[in-house]
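Below: one structure, written as structure tokens.
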């Protein structure tokens with residue numbers, strides 16, 4: 001490995017010398033020992049060999065030796081030198097004739113000789129060894145080589161003896177050698193010396209479980225067979241040591257509240273004491289406070305318990321105190337007094353604990369203290385019938401007696417002392433009382449509690465007047481009463497209660513039930529005490545109920561009226577209002593008739609009930625039409641032999657008409673809303689009876705009968721026309737058997753069609769035998785009109801005769 005290393009270095013130097021040859025010939029030291037110096041030089045062109053010579057720097061001209069090297073050698077050494085001496089070395093480049101071509105020099109010193117073995121090695125702690133060795137002249141520093149069997153290797157540079165070798169592993173064996181160093185290099189290592197570090201200090205923890213003991217515990221240290229614990233009390237020169245093979249130690253019989261300094265060390269199997277730990281401070285817990293005193297104090301009207309105490313001895317360091325009570329109130333302080341926030345009526349068991357950095361002390365001896373009582377609660381007022389009132393309250397714990405204060409609104413005041421929970425005093429209606437109660441015990445009086453503001457019920461109103469102002473409303477008036485802010489007026493019967501609330505001394509109760517006997521009470525009220533329910537009741541009836549289910553029946557000119565009556569006792573008045581005025585009937589039952597009503601009229605009917613309490617509202621109105629009137633005049637005019645036109649005068653109340661003509665030989669009828677009617681199917685020569693039915697808009701019917709009607713005589717039948725030789729003709733017909741005359745009228749067809757009214761009087765004849773002779777021109781058309789004349793009616797019949 002060493003040969004290879006030098007070969008690599010030599011090759012590098014050869015390469016470097018080739019580069020440097022271009023800039024000059026140079027010589028330098030490669031390394032040096034106490035006897036040998038290794039040199040390197042650059043290649044010089046043309047050189048066949050190199051010669052190195054040396055001399056002491058003090059005698060540079062006195063060469064003490066030289067060495068020759070070949071042309072390809074650029075590194076060489078000179079040995080058998082003295083250690084620690086400065087030499088001058090010269091290299092010469094020689095040609096083949098051994099002539100000097102170039103030269104270069106350098107000064108260097110040989111390394112020192114090997115050191116003597118390290119004289120003594122002792123452990124300083126578990127990670128440090130102290131080495132002592134002999135110093136050497138001409139040495140700038142020393143190197144201590146540290147090796148162990150686990151492959152550890154390290155070289156520390158030191159400047160003098162003794163020297164510390166740090167950062168070692170605890171309880172580990174090391175081999176140490178030393179080398180001297182100067183500017184030329186280092187000497188060879190000295191003979192090795194073996195040393196072993198000691199055990200590390202135990203990593204320990206301390207605590208004070210009580211005020212007279214300290215517990216020290218630590219993790220086991222490898223290879224340790226025993227441990228030493230040293231205890232030193234602060235401000236004392238004595239130190240106590242405890243040896244143990246356990247990993248914990250309890251130190252007892254110590255003083256409370258004092259500071260103790262503690263360190264530990266471990267012993268190895270060969271009896272070496274290991275490294276001491278650093279001192280750790282541990283204070284014992286403080287003693288329990290004593291002479292605890294408790295009293296009640298007031299701070300800005302807020303009550304508290306002042307607790308003070310003492311310590312029996314002086315302790316080390318600062319203390320904190322914790323004061324506690326079973327009522328879950330506490331306080332923390334660094335002084336020897338504290339104020340606990342407290343309330344009334346509490347039983348306190350008070351203890352004080354002192355604490356330092358070691359922990360709390362034992363609690364002090366308990367002190368029991370009862371605070372002042374709480375103010376009585378649930379103040380209540382109970383009125384009585386004799387004008388006396390009772391104030392009651394709940395008793396409170398730890399109270400010995402009570403005092404009640406009663407103050408009336410007019411300024412008068414009354415006190416009451418008692419050991420019970422009630423007091424009786426004189427009270428009047430319509431007044432306000434302010435009442436409070438205090439409780440007392442040895443600690444003092446309770447705080448002021450709730451003030452009961454009690455207002456007695458208002459006085460009952462006087463001069464109460466109840467009157468009916470409408471069918472469902474009562475008006476109640478009274479004189480204002482003392483202490484009333486509001487009046488509650490109540491009207492009650494067996495099935496309902498109606499209320500009215502108002503601040504004025506008047507009230508109207510509406511929406512009352514009809515025909516009821518109400519009990520009316522006016523109760524004065526105020527916001528605090530409520531209403532006075534002991535006031536006198538007043539009876540009052542409401543007006544009767546209005547009739548319901550109104551029914552009307554029409555019979556000729558009489559209307560029967562009936563209804564449902566729900567009143568206890570009442571008279572009823574029926575009113576019918578129409579165009580001709582008002583019609584009235586009165587009864588105590590539930591029906592009544594109104595007679596002699598004219599035809600064709602419409603009446604509005606309603607019923608009203610009356611009693612001693614007043615008059616009801618009228619019932620709902622119902623309309624009723626009387627039967628329609630018959631027309632005063634009717635006229636029948638015959639238009640043709642089989643058709644008549646009937647007209648009639650106005651009929652009041654009638655909207656439609658059915659006119660009938662009736663005979664044994666048949667009848668005719670028409671239905672219309674007009675005042676006339678055209679009817680067919682009339683049989684000639686027949687007597688008809690004339691009747692008419694008139695209907696009102698609601699369907700009421702009147703039947704009217706009139707004088708009979710006779711139809712016109714029947715027309716002749718079997719009419720025949722005969723032509724004679726002298727351009728005349730004869731007309732024949734069958735006789736009707738009546739006593740009427742017959743007129744035959746001859747008219748030319750042209751005149752009939754085109755309206756020419758040229759009648760030839762010569763051609764008109766009258767004959768009772770049914771024969772008419774007449775002469776006409778050739779091709780003349782004849783139109784014969786035969787008229788049947790009747791006393792009242794007439795019928796015209798047309799027929800055509802062709803020649």
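What follows draws every value from the coordinates through simple rules; no lab data is involved. Computed from a predicted structure; not experimentally measured. Positions of Cβ are generated from backbone atoms using ideal geometry, with glycine treated the same way; all protein chains shown enter the neighbour counts.
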The simple spin-label model distance between residue 368 and residue 655, using points 7 Å out along Cα→Cβ, in nm, is 10.7
Mean separation of Cα contacts under 8 Å (at least 6 apart) over the residue count of the chain, i.e. the relative contact order in percent, is 4
Expressed in angstrom and rounded, the centroid-to-centroid distance over alpha carbons for region 186-240 and region 122-167 is 25
Under 13 Å by backbone N from the virtual spin label 7 Å along Cα-to-Cβ at residue 568, the residues of region 476-511 are 493-495
Length gained if residue 467 through residue 492 is fully extended, taking 0.36 nm per residue and subtracting the Cα-Cα distance, is 7.5 nm
Of 106-113, 121-128, ordering from highest average Cβ density within 10 Å down gives 106-113, 121-128
1/(1 + (r/R0)^6) with r = Cβ-Cβ of residue 428 and residue 401, R0 = 30 Å, i.e. FRET efficiency to nearest 0.05, evaluates to 0.55
Helix-only [θ] at 222 nm, the chain, -39500 (n - 2.57) per DSSP H run of 4+, per residue, nearest 500, equals -1000 deg cm²/dmol
Using alpha carbon centers only, region 548-576 is separated from region 45-73 by a whole-angstrom value of 170
With no solvent term and unit scatterers on the alpha-carbon positions of region 290-370, Debye gives log₁₀ I(q)/I(0) at q = 0.15 Å⁻¹ of -0.51
Semi-axes a, b, c in Å (a largest) for region 270-419, each sqrt of 5 times a Cα gyration tensor eigenvalue, come to 56, 13, 11
With 0.36 nm assigned to each residue of separation and the Cα-Cα distance removed, residue 415 to residue 281 gains 41.4 nm
The Cα extents of region 548-625 along the principal axes, largest first and rounded to whole Å, are 39, 20, 18
Most packed first (mean Cβ within 10 Å per residue), the peptides 230-240, 469-479 order as 469-479, 230-240
Between residue 301 and residue 501, Cβ-based FRET efficiency (R0 51 Å, step 0.05) works out to 0.75
A correct Stokes-Einstein calculation for region 507-636, using the alpha-carbon Kirkwood radius, 20 °C and 1.002 mPa s, returns a whole-number D in µm² s⁻¹ of 121
For region 634-710, Rg(Cα) over 2.2 N^0.38 Å is 1.07
Relative contact order in percent for region 431-580 (Cα pairs under 8 Å, 6+ apart) equals 19
Within region 31-45, the residues whose backbone N lies under 16 Å from a label point placed 7 Å from the Cα of residue 113 along the Cα-to-Cβ direction are 33-36
Rounded to one decimal in nm, the spacing of the 7 Å Cα→Cβ label points at residue 633 and residue 98 is 20.0
Between the alpha carbon centres of region 343-394 and region 277-325 the gap in Å comes to 25
Rh (Kirkwood, all Cα-Cα pairs) for region 120-196, Å, reads 12.7
With no solvent term and unit scatterers on the alpha-carbon positions of region 203-336, Debye gives log₁₀ I(q)/I(0) at q = 0.09, 0.18, 0.19 Å⁻¹ of -0.42, -0.98, -1.05
Note on region 462-541: contact order normalised by length, alpha-carbon pairs under 8 Å, 6 or more apart, percent, works out to 30
Once residue 66 and residue 188 are pulled to full extension, the length gained, defined as 0.36 nm per residue separation minus their Cα-Cα distance, is 41.4 nm
Residue 662 and residue 31 label points (each 7 Å along its Cα→Cβ direction) are spaced in nm at 17.0
Rounded to 0.05, the calculated FRET efficiency for the beta carbons of residue 222 and residue 334 at R₀ = 45 Å is 0.50
Taking only the alpha-carbon atoms of the chain, the convex hull volume per residue, in cubic angstrom, is 647
Descending packing, highest mean Cβ count within 10 Å first, for 175-187, 533-545 is 175-187, 533-545
